[in-house]
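Asker: My questions will all concern the structure given below.
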Amino acid sequence: NGSVIPQYCISEFPPSVSVVAVPADDRIVFLHQYRPGLGQVHFEIPAGTTDPGETSIEGAARRELLEETGYGGGRWSPLTTLSANSALQNNLSHTFLAEDVVPLAKPQTEATEDLRVHLVPVGDVEAMIEGGDFIQALHVAPLLKLLLMRCRRGGAR
C-alpha cells in the first residue's frame, strides 16, 4: 500500500544456477558435500552463482557442472526458476535439466570445497528425498519436478 517498513533488509545476491544432470545410463550426477551453515554433509545437485560479468544463465550452469563434476555436453533445457526467499532475497535460482551428459574433464574444485561426485539411479532418488539425504530445498524441488514429469509421461521414477 506504499507504506515504508522500518528496518526491513533485503539481501542482494547474483542469480544462482543448478543442474539436474542425467547421463545416458539414467543416473543423476550428485555431489556429497559439507555445508558450514548447518555443519552437515548432504547430497546436492551441482550448483553455484553467476560470476561477475557472466551474462548467460545457462552458460553459468554449464560452467558450474563442468567445474564441480567434470560432466558436460548433452541436451539442456530449463527445469525450474525459483526463489529461495522472496521476502528477503532479490535473486532467483535457475535449474536446468542436462540430459545425456558425459565426463569431459576432472572436477576443478576450489580450495574450500571437498566435493564427492556420486551417480545415483533416478529410481533411487525418491527414497533418498524421503530419507532426508537432501536438505537444500532449491535442490529437492527440481528433483521432485523431474520425478513428476517422468510419472506424467509414464517413464521410470
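The values are calculated or read from the model by the stated rules, or taken from the named source; none is laboratory data. Note that the structure is predicted; figures quoted are calculated from it, not measured. Glycine also receives a Cβ, built like all others from the backbone with ideal geometry; neighbour counts cover every protein chain displayed. Heads up: the accessible areas ignore ligands, DNA and RNA and are worked out on the full protein's heavy atoms, side chains in. Shrake-Rupley method; radii C 1.70, N 1.55, O 1.52, S 1.80 Å.
Asker: Give the residues of region 114-134 that are in contact with a Phe, Trp or Tyr (Cβ under 9 Å, 6 or more places away or on another chain) and part of a loop (DSSP other than H, G, I, E, B), sorted by residue number.
Answerer: The answer is Asp114, Asp133.
Asker: Of the numbered conditions (1) open to solvent by less than 20 Å² (accessible area, probe 1.4 Å); (2) touching an Asp or Glu at 6+ places or on another chain (Cβ under 9 Å); (3) of a type outside the set (D, E, K, R), Thr49 fails exactly one; give the number of that condition.
Answerer: It is condition (1) that Thr49 fails.
Asker: If the Cβ limit is 6 Å and pairs must be 6+ apart or interchain, which residue in region 111-131 that is farther than 11 Å from Leu143 by Cβ and open to solvent by 50 Å² or more (accessible area, probe 1.4 Å) pairs with which residue that is at pLDDT 95 or above and not β-branched (Val, Ile, Thr)?
Answerer: So the pair list comes out as His118/Phe30; Leu119/Arg27; Pro121/Arg27.
Asker: Tally the residues that are under 22 Å from Val140 (Cβ atoms) and either at pLDDT 95 or above or touching a strand residue (DSSP E or B) at 6+ places or on another chain (Cβ under 8 Å) (or both), restricting the search to region 63-89.
Answerer: Residues flagged as under 22 Å from Val140 (Cβ atoms) and either at pLDDT 95 or above or touching a strand residue (DSSP E or B) at 6+ places or on another chain (Cβ under 8 Å) (or both) within region 63-89 amount to 16.
Asker: Let me ask something else about it. Is it the case, given these coordinates, that Asn85 is surrounded by fewer than 17 Cβ atoms within 10 Å (Cβ to Cβ), in a loop (DSSP other than H, G, I, E, B) and not charged (D, E, K, R)?
Answerer: yes
Asker: Moving on to the next point. Among (1) of a type outside the set (A, V, I, L, M, F, W, C); (2) in contact with a Phe, Trp or Tyr (Cβ under 7 Å, 6 or more places away or on another chain); (3) touching a residue at least 40 places away in the same chain (Cβ under 8 Å); (4) open to solvent by 80 Å² or more (accessible area, probe 1.4 Å), there is one condition Glu12 misses while meeting the rest; what is its number?
Answerer: Failing condition for Glu12: (2).
Asker: Another question about this same structure. Out of all the residues in region 132-157, which are touching a residue at least 40 places away in the same chain (Cβ under 8 Å) and touching a strand residue (DSSP E or B) at 6+ places or on another chain (Cβ under 8 Å)?
Answerer: Across region 132-157, the qualifying residues are Asp133, Phe134, Ile135, Gln136, Leu138, His139, Ala141, Pro142, Leu143, Lys145, Leu146.
Asker: Only one of these conditions is not met by Glu44: (1) of a type in the set (D, E, K, R); (2) under 16 Å from Glu113 (Cβ atoms); (3) over 12 Å from the mean Cα position of the chain (by Cα). Which number is it?
Answerer: (3)
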